[in-house]
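I have placed the structure first, in the form of structure tokens, so that the comments after it can refer back to it.
Read the figures in this text as sums done on the coordinates, not as results from a lab. Model, not experiment: these values are computed from the prediction. Every residue, glycine among them, receives a Cβ derived from its backbone with ideal geometry; neighbour counts consider all protein chains shown.
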Amino acid sequence: MNTIILVGNPNVGKSVLFSKLTGKFVVISNYPGTTVEITRGEMSLDGEKFTVIDSPGVNELAARTEDARVTCDVVRDHPDAVIVQVADAKNLRRALLLTHQLATLQRRVVLVLNMMDELDACGGHIDARKLSELLGIPVVPTIATANTGVHLVQKSVGTASVPRFDVRRGSPDPAVAPDRQVSDGGTGDLRSEEVRGLETGAQPGLLAINDLLGQTYTHVRPRRATFAQNLGWWAMHPVKGLAMGAVALLFTFWFVGMFGAGTCVNFLEKTVFDGYISPAATRVADALLPMDQPVTRFIHDFFVGDYGLITMALSYGFAIVLPIVLTFFLLFGVLEDSGYLPRLAVMVNRVFRAMGLNGKAVLPIVLGLGCDTMATMTTRILETRKERVITTLLLALAVPCSAQLGVLLAMMASVSAAAAAFWFLLMVGVTFLIGWLAAKLYQGDTSDFILELPPMRRPLLGNVTMKTLARLEWYLKEVIPLFVLGTAVLFVLDKLRLLDKLARLGEPLVKGWLGLPPETAQAFLVGFLRRDYGAVFLLDAAKDGRLSPHNVLVAMVTITLFMPCIATLFMIARELGKKTAAWITLFVFVFAFLVGGIVDKAAHWMGF
Amino acid sequence: MGKFCKLIKCPSCQYEFPEPSHPLRWLAKWFHKPMTGAGALELTQLTAGETVEFVGMAHGAERRGRALAVYGMTPGARLTLQQKRPAYLVRVGETELALDADIARQIIVRRAP
């Protein structure tokens, strides 16, 4: 079967084009590094079937980072594949650098000039026909998000060929000279004396590229900063940037914390589940499964008992966690598409330096607030192993995922605002302390901070909706089954009367060290499976009044520092190796109980 | 140089001197005078908002130079310095790049005639 590989600089729209070509949904965002692994899809054209491969963005075909390695490998492993190189039309020079590398590898290429609308908006123009003639390959202008030109991409796959880069061919053409004069006022790196100046000592590739640009790229309008551009700069201003960050944080807290965790959870839990579903399910179970026979009683309790599938697993999964996950993913999608996240990286770069990281690491960490498993995979965008290990450790330790955040927000309602603030500051403090210590202890380099900033864009409602739905589907498939499994384990343990024994076994740790009631041992037990589900048990105990505010704080701290979930553990093992995963896990659990105990003692001492 | 030896020695003339200590180097940074030729400047010497021409990387920064070249920062390209804090922000064509100050210090530019 024929293969097409989509290759290109980061954040140029490869994934958009991929989903338009194959009709398959992939997550699309406005920051470099959204795609960190390959996605395959199928496309049929004139009865012929093509495999289409979407790859992570690269600036050059060199395996500088893990995600770039993925692209290099896929290009090398498919020597006969047609390369559809997607380019940001505004950044033609950078795209041609990559085209030049593909030409050196003798690959057949179709060049797609994407985001033609943005090129137009900033006053640029590319003579695509002339570029096609000069390079000897099909050049297709597109606006992939608007589906413009996508069918032309499909058609030109058949005529793909190896690009030509002749240095001597294009001696300055007098006909294009006026255009160059105009280009001086704009981005203007095309002046002829510069081109001549380069002829001594510069690489022949660069020379040919300058030449091509001179003949095809013109800038007709002097650029004036748009509102979006100004907004983008404000986001990185030392003062305005901080203010914007604070506004973003407050809005997140209001939308997810107040609206999602408050209003929506209340409605779903109190009105829908406690009001209708649980009583109805109990009535049905009571009617169908009489309590007097052991077998039917067993089944009855399995569904609606103390550790019942409906009364516990589903009611938690849908009533408490789902609204928070939904509101968080919705807001997160908007943030991703706006282009704000890389600007946040600029703001925090200095602080992250102290932790042996650079600002780029803020991307996986913010992503971790959505899902730690996905975020662990995103650490691929970081360049050195040291950065990847430290970021993964911080994700596993102190970054609560959206599901857990939801439960924690609900727990905070039962403690004072001061305790909630203490919890927040402690988590931030732990992050910096462990990051700083890890940076001191772990040998290795921190990479240079060179980060490309995507333009600020207005998020598209359709894309944000699709993304939120896709992530919600993932949540339902991944998280709910684990909730069910955790409940089932507890149910069986309870029936076998092992739960009390386990509680006694864990008593020295849970009661002696953390000062919590012994039955909370089960919370930590399921916490091994998913820490958010463990938190649910603690929330339950807090609501029943079995935990004092002091206990709630200790429990919150301990469970937040737990390993996120079993899926994250597997992901760490896959990304960093089993040994590192084992060390991280060991450290995380020991550290969680250690800090929990210290908080207990300290809070007693302070009289809380 | 061995791990515990702090002497730097010239291989040809055998001249040797102790490696400057950390605080001394830190202090030297404040009095640092960039070694650049006629008309050439370090990016850090510009004020925000200036547009200049990229000349090349400082000696010893070739690897970083290659990392920057893929963003279109090649000799002759026009750079606009947007801001200097909290990180250096440079515009090359339609690409906006955020950089650390220690990279910016190695970028040699020339004010356009």
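Ranking request for peptides A:31-40, A:226-235: highest mean number of other beta-carbon atoms within 10 Å first, then the rest in descending order.
Listed from highest to lowest mean packing, they are A:31-40, A:226-235.
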Packing-based ranking, highest mean first, of B:91-103, A:336-348 given that Cβ atoms within 10 Å are counted: A:336-348, B:91-103
Partner chain coverage, peptide A:443-453 - average Cβ within 10 angstrom: 5
Pairs beyond 30 Å (Cα-Cα), from A:Lys386/A:Lys511; A:Lys130/B:Lys84; A:Lys14/A:Lys477; A:Lys14/A:Lys240; A:Lys477/A:Lys543; A:Lys501/A:Lys543: A:Lys386/A:Lys511; A:Lys130/B:Lys84; A:Lys14/A:Lys240
Given charges at Cβ of Lys, Arg, Asp, Glu: the protein assembly as shown dipole, positive-most of B:Gly93, A:Asn114, B:Ile107: B:Ile107
Integer Hz, Karplus 6.51/-1.76/1.60 couplings in order for segment A:26-33, x for Gly and Pro: 9, 6, 10, 9, 9, 7, x, x
Per-residue HN-Hα couplings for segment B:63-80 [Karplus 6.51, -1.76, 1.60; θ = phi - 60°; Hz; x = Gly/Pro]: 5, 5, x, 5, 5, 7, 4, 5, 8, x, 8, 10, x, x, 5, 8, 10, 10
Percent RCO, i.e. relative contact order, over chain A, from Cα pairs under 8 Å lying at least 6 residues apart: 11 percent
Within 10 Å of each Cβ in B:82-90, the average number of Cβ atoms from other chains: 6
Estimated dipole of the protein assembly as shown in Debye, rounded to 20 [Cβ of Lys and Arg +1, of Asp and Glu -1, Cα centre]: 1360 debye
Segment A:23-75: C-alpha gyration tensor shape, a/c 1.5 cut-off, then a/b vs b/c: oblate
For A:344-352, mean number of other protein chain Cβ atoms within 10 Å: 3
Long-range amide H partners of B:Gln82 with built H, under 5 Å: B:Gly49, B:Leu89, B:Val90, B:Arg91
Kyte-Doolittle mean at least -0.5, axial Cα span of 27 Å or more - DSSP H helices of chain A: A:417-441, A:461-495, A:578-606
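Starting from the Kirkwood radius over alpha-carbon pairs of chain A, derive D by Stokes-Einstein at 20 °C in a medium of 1.002 mPa s and give it in µm² s⁻¹.
Numbers: Rh = 26.9 Å.
Answer, rounded: 80 µm²/s.
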Cα-projected label distance for A:Leu250 with A:Glu473, points at 7 Å along beta-carbon direction, nm: 3.8 nm
